[in-house]
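> Dumping the structure here so I can ask a few things about it.
The values are calculated or read from the model by the stated rules, or taken from the named source; none is laboratory data. All figures in this text were calculated on a predicted structure; none of them were measured in a lab. Positions of Cβ are backbone-derived with ideal geometry, glycine not excepted, and every protein chain shown enters the neighbour counts. The protein model used for the area step is the full one, side chains on, heavy atoms only, and it has no ligands, DNA or RNA in it. Shrake-Rupley method; radii C 1.70, N 1.55, O 1.52, S 1.80 Å.
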Amino acid sequence: MSHIFASGKTFILPILLLVFISCVKDHSLEITPYTQGSIIISYSHKVKGETLKFDTLRYSTSTGNRYQVSDLQYFTSRISLHSLKGKWHDIKMDDGIHYTDARDSYSCSWWVKDLLPPESFDSVAFIFGLDALQNTTGRFPDPPERDMFWPDILGGGYHSMKMNLKWQNDTMPQSMPFMFHLGTGQVYASGIVNPDSIIGYVPNSFRISLPIGLDLTAGGYHQVILEMNVDRWFDGQNAFEFARYPSGMMQNQEAMFRAIRNGKKVFTVKITN
Amino acid sequence: MKREDSIFSSPGFRYVAFLLLFSITILILTSSCTKKTEPAAPFRATPYTIQIPLHFPQELNIPADNPMTVEGIALGRFLFYDGRLSGRPGPDSLMSCATCHIQAHSFVCGIDHPDFTGGHPHGLTGIQTSHFMLPMINLVWTNHGYLWNGLVSADNPQPALRNIEDVVRLVIELPSEICGDTSRTKAMIGQIKGYPELFYKAFGSSTVTEKNIARAIAQFVRTLISADSKFDRYLLGKIQLSNSELNGYVLFMTEQGGDCFHCHGGDGNPLFTTNLFYNNGKDSVFTDPFDRFSITGSAADLGAYKAPTLRNLVFTAPYMHDGRFKTIDEVLDFYNAGLVWSPSISPLMHHIATGGVRLTPSQKADLKAFLLTFTDSTFITNPAFSRPSAMPDE
């Protein structure tokens, strides 16, 4: 028997070494080679070029209403990048859905863990709100996404956006709340807004596509900054008058439609290569 | 012998022997580098898993250093109900959680409490609590802070104000509650026959510590789950609501109706609260030094409080942080026509423009009928939540 162990001895050193290395590796950082690219999608919020400040009645619309923003929360989904080779690359992480709360800087930066091919990309596209197929009741049982839920009787799923505002014009003695909320719209048979007469729903989420110059040929990390220009929700081709919707937007498809037409132009994009 | 020799010296055998030796070495070394060898565990409490009801949030607010165990919960239940938690044995100076948090009232003291006039509790020395009570329902899902102003919260810079464990210490120390000190409490509990053994079973040490008292009570409080109201059963498709309740449901869930869901949840959030803080338009002057503003310092939070759960509303009168409304009807009259504007009113109170939601009397009745579908009688009769039939020394 002794000769077995004798011959084994010659193995001991390499074995020890191997095991030692495998131990150390457990506790050290894995380094992925930079053959592929990765992106961080950042969300920033501006009013007429200036970084959005909350809770201060300092902004005004083209029709002369002053307003302040108290909360700004929204979903973007089906985010994808179009490469010069002619292919769309869908972001797979988190099903391509991201929730942003403009007050919470953590949620304004989405480090996408997908590895993208080393190519050049010429546009970024996404759906504002949840894609109709993904907008299903119960998808998010936990906050903060949960608190975006849209009542089942009004179509279910989730709000695309909750922008809570206060506004005031010269004839008003004090500011008044306005809930600029987007989500599934309803079609009412009688024209009377009564949930019993709903005959159809309108998803109201919409696609935005923006040109970019994103070069991942050398791999590495890059930032795609999606900038929401909040003022454009009100000052686009359809001026948005708060006074016109005293009972809110959730049950008013006309208001929602008007907002969406403007919404298609609210985002701009910047790349830091 | 010859045969044996030939096997041992064959290359095949050497290879097998090498593999064997190699694997044994790896096994020994890897196990030594992944975990330190521990002596045989002296005690093992039985892990307790919360069964998350359908539609409820998946994320539970359970601190990593206080996992739930069957023994911990059992001990916590004794302490929750044991008046000697006050650290004082005299019959006049007994106080525990259950002195104020009474199961029959969904763990508030109730508006008809014999000692706490109008439902406003006071501590052992007679000092009133700064606010009226909050029910203890589904607190394992509270994620933005406990108490009306959210003082006790995971993001509080002070580590001693982060979770239910810390509320226990506050209760023992606050002048408006036990007005005692934790060393007296732990000494008292440690002297009572039966407790050291229960502490051992729960935490592996029979020494009664402040930390383990808090841990056990917090574990018990986290089991207080309500998920069996009429509305829950409706969501599960087990029963139908009446016409009046359904009308109320629509009012609750629609912007042009009562619009309650933005703050109090609903079909997408069965907790019936977002657990967030709002100024819901009761006043224009704010004098309470303990509102949400006292925590955040932001002017937008003046007069703001946590939106409480609407579950078991029928048992939890009086209402609001200052108990100003004695009945559900008074609350509904307020939302209907009694709103008061202030610069910090929540932007979600958009009905302020008309002073309230302006429902007709029959709509109001429907909304109330719907609120009553949140009643969960099994919660207030569940024997697992009730006073134990005998204390450890009985």
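> Please find, among A:131, A:142, A:114, the residue that is farther than 23 Å from residue B:351 by Cα, in contact with an Asp or Glu (Cβ under 6 Å, 6 or more places away or on another chain) and of a type outside the set (S, T, N, Q).
Numbers: A:131 fails: in contact with an Asp or Glu (Cβ under 6 Å, 6 or more places away or on another chain); A:114 fails: in contact with an Asp or Glu (Cβ under 6 Å, 6 or more places away or on another chain).
Just a single option satisfies the conditions, and that option is A:142.
> Kindly indicate whether residue B:236 is in contact with a Cys (Cβ under 9 Å, 6 or more places away or on another chain), among the aliphatic types (A, V, I, L, M) and within 14 Å of another protein chain (Cβ to nearest Cβ).
no
> Can you name every residue in the stretch A:147-185 that is more than 10 Å from chain B (Cβ to nearest Cβ) and of a type in the set (Val, Ile, Thr)?
Result: A:171, A:184.
> Further question: Mind checking which residues of the stretch B:353-375 are more than 33 Å from the chain's Cα centre (by Cα) and part of a loop (DSSP other than H, G, I, E, B)?
At the first step, the residues of the stretch B:353-375 found to be more than 33 Å from the chain's Cα centre (by Cα) are B:353-355, B:358-362.
B:355, B:358, B:359, B:360 - these are the residues of the stretch B:353-375 that are more than 33 Å from the chain's Cα centre (by Cα) and part of a loop (DSSP other than H, G, I, E, B).
> A further question on this structure: Go through the stretch B:224-263 and count every residue that is within 21 Å of residue B:52 (Cβ to Cβ), open to solvent by 10 Å² or more (accessible area, probe 1.4 Å) and of a type outside the set (Asp, Glu).
9
> Only one of B:309, B:378 is assigned to a loop (DSSP other than H, G, I, E, B) and either open to solvent by 50 Å² or more (accessible area, probe 1.4 Å) or out of contact with any strand residue (DSSP E or B) (no Cβ under 8 Å at 6 or more places or on another chain) (or both); which? Outline the logic, then answer.
Values: B:378 fails: assigned to a loop (DSSP other than H, G, I, E, B).
After ruling out the rest, the residue left standing is B:309.
> In the stretch B:264-293, how many are under 19 Å from residue A:55 (Cα atoms) and within 22 Å of the chain's Cα centre (by Cα)?
5
> Return the only residue of A:103, A:78 being of a type outside the set (Gly, Ala, Ser), in contact with an Asp or Glu (Cβ under 8 Å, 6 or more places away or on another chain), on the phi > 0 side of the Ramachandran plot and in the same structural domain as residue A:176 (by TED's automatic domain parsing). Working first, answer last.
Values: A:103 fails: on the phi > 0 side of the Ramachandran plot.
Going through A:103, A:78 in turn, just one is of a type outside the set (Gly, Ala, Ser), in contact with an Asp or Glu (Cβ under 8 Å, 6 or more places away or on another chain), on the phi > 0 side of the Ramachandran plot and in the same structural domain as residue A:176 (by TED's automatic domain parsing): A:78.
> Follow-up. Going by what's in this entry, would residue B:286 be described as part of a loop (DSSP other than H, G, I, E, B) and either among the aliphatic types (A, V, I, L, M) or under 23 Å from residue B:109 (Cβ atoms) (or both)? Talk me through it step by step, then tell me what you get.
Details: part of a loop (DSSP other than H, G, I, E, B): yes; either among the aliphatic types (A, V, I, L, M) or under 23 Å from residue B:109 (Cβ atoms) (or both): no.
Criteria not met by residue B:286.
> Is it true that residue B:292 is of a type in the set (Lys, Arg), farther than 30 Å from residue B:388 by Cβ, away from chain A (no Cβ under 13 Å) and open to solvent by 20 Å² or more (accessible area, probe 1.4 Å)?
On the way: of a type in the set (Lys, Arg): yes; farther than 30 Å from residue B:388 by Cβ: yes; away from chain A (no Cβ under 13 Å): yes; open to solvent by 20 Å² or more (accessible area, probe 1.4 Å): yes.
So residue B:292 passes the test.
> Also: Residues that are surrounded by 19 or more Cβ atoms within 10 Å (Cβ to Cβ), at pLDDT 95 or above and aromatic (Phe, Trp, Tyr): find the strands (runs of 3 or more DSSP E) completely inside the stretch A:60-148 holding 2 or more of those. Can you show your working first?
Numbers: elements: A:66-83, A:88-90, A:98-101, A:109-111, A:120-128.
Per the criteria, A:66-83, A:120-128.
> Then there is this: Identify all residues within the stretch B:65-92 that are open to solvent by 30 Å² or more (accessible area, probe 1.4 Å) and either over 16 Å from the mean Cα position of the chain (by Cα) or within 19 Å of residue B:172 (Cβ to Cβ) (or both); write none if there are none.
Step one: filter the stretch B:65-92 for residues open to solvent by 30 Å² or more (accessible area, probe 1.4 Å), giving B:65, B:67, B:70-71, B:74, B:77-78, B:84, B:88-89, B:91-92.
Hits for the stretch B:65-92 are B:65, B:70, B:71, B:74, B:77, B:78, B:84, B:88, B:89, B:91, B:92.
> Among the residues of the stretch A:41-59, write down those that are surrounded by fewer than 18 Cβ atoms within 10 Å (Cβ to Cβ) and either in contact with an Asp or Glu (Cβ under 7 Å, 6 or more places away or on another chain) or outside the structural domain of residue A:105 (by TED's automatic domain parsing) (or both).
Scanning the stretch A:41-59 gives A:44, A:46, A:48.
> Which numbered condition in (1) open to solvent by 70 Å² or more (accessible area, probe 1.4 Å); (2) within 14 Å of chain B (Cβ to nearest Cβ); (3) of a type outside the set (A, V, I, L, M) is the only one that residue A:201 fails?
The one condition residue A:201 does not meet is (2).
> Among (1) open to solvent by less than 40 Å² (accessible area, probe 1.4 Å); (2) in contact with a Phe, Trp or Tyr (Cβ under 9 Å, 6 or more places away or on another chain); (3) closer than 27 Å to residue B:59 by Cα; (4) outside the structural domain of residue B:130 (by TED's automatic domain parsing), there is one condition residue B:274 misses while meeting the rest; what is its number?
Of everything listed in (1) open to solvent by less than 40 Å² (accessible area, probe 1.4 Å); (2) in contact with a Phe, Trp or Tyr (Cβ under 9 Å, 6 or more places away or on another chain); (3) closer than 27 Å to residue B:59 by Cα; (4) outside the structural domain of residue B:130 (by TED's automatic domain parsing), residue B:274 misses just condition (2).
> A further question follows. Out of everything in the stretch B:23-81 that is more than 14 Å from chain A (Cβ to nearest Cβ) and at pLDDT below 95, what residue ends up being farthest from residue B:389 (Cα to Cα)?
B:37
> Kindly indicate whether residue A:249 is touching a His at 6+ places or on another chain (Cβ under 8 Å), open to solvent by less than 40 Å² (accessible area, probe 1.4 Å), within 14 Å of chain B (Cβ to nearest Cβ) and closer than 20 Å to residue A:76 by Cβ.
Details: touching a His at 6+ places or on another chain (Cβ under 8 Å): yes; open to solvent by less than 40 Å² (accessible area, probe 1.4 Å): yes; within 14 Å of chain B (Cβ to nearest Cβ): yes; closer than 20 Å to residue A:76 by Cβ: yes.
Criteria met by residue A:249.
> Is one or more of the residues making up the stretch B:99-112 charged (D, E, K, R), open to solvent by less than 20 Å² (accessible area, probe 1.4 Å), assigned to a loop (DSSP other than H, G, I, E, B) and at negative phi?
Going through the stretch B:99-112, the residues charged (D, E, K, R) turn out to be B:112.
Now drop any that are not open to solvent by less than 20 Å² (accessible area, probe 1.4 Å), which leaves none.
Looking through the stretch B:99-112, none of the residues is charged (D, E, K, R), open to solvent by less than 20 Å² (accessible area, probe 1.4 Å), assigned to a loop (DSSP other than H, G, I, E, B) and at negative phi.
> Which of the strands (runs of 3 or more DSSP E) contained wholly in the stretch A:182-257 include at least 2 residues that are out of contact with any helix residue (DSSP H, G or I) (no Cβ under 9 Å at 6 or more places or on another chain)? Don't jump to the end; show me each part of the working.
Values: elements: A:185-188, A:198-202, A:206-215, A:220-229.
Counting at least 2 such residues, we get A:198-202, A:206-215, A:220-229.
> If the requirement is being open to solvent by 40 Å² or more (accessible area, probe 1.4 Å) and more than 12 Å from every other protein chain (Cβ to nearest Cβ), which of these qualifies: B:337, B:317?
Values: B:317 fails: open to solvent by 40 Å² or more (accessible area, probe 1.4 Å).
Going through B:337, B:317 in turn, just one is open to solvent by 40 Å² or more (accessible area, probe 1.4 Å) and more than 12 Å from every other protein chain (Cβ to nearest Cβ): B:337.
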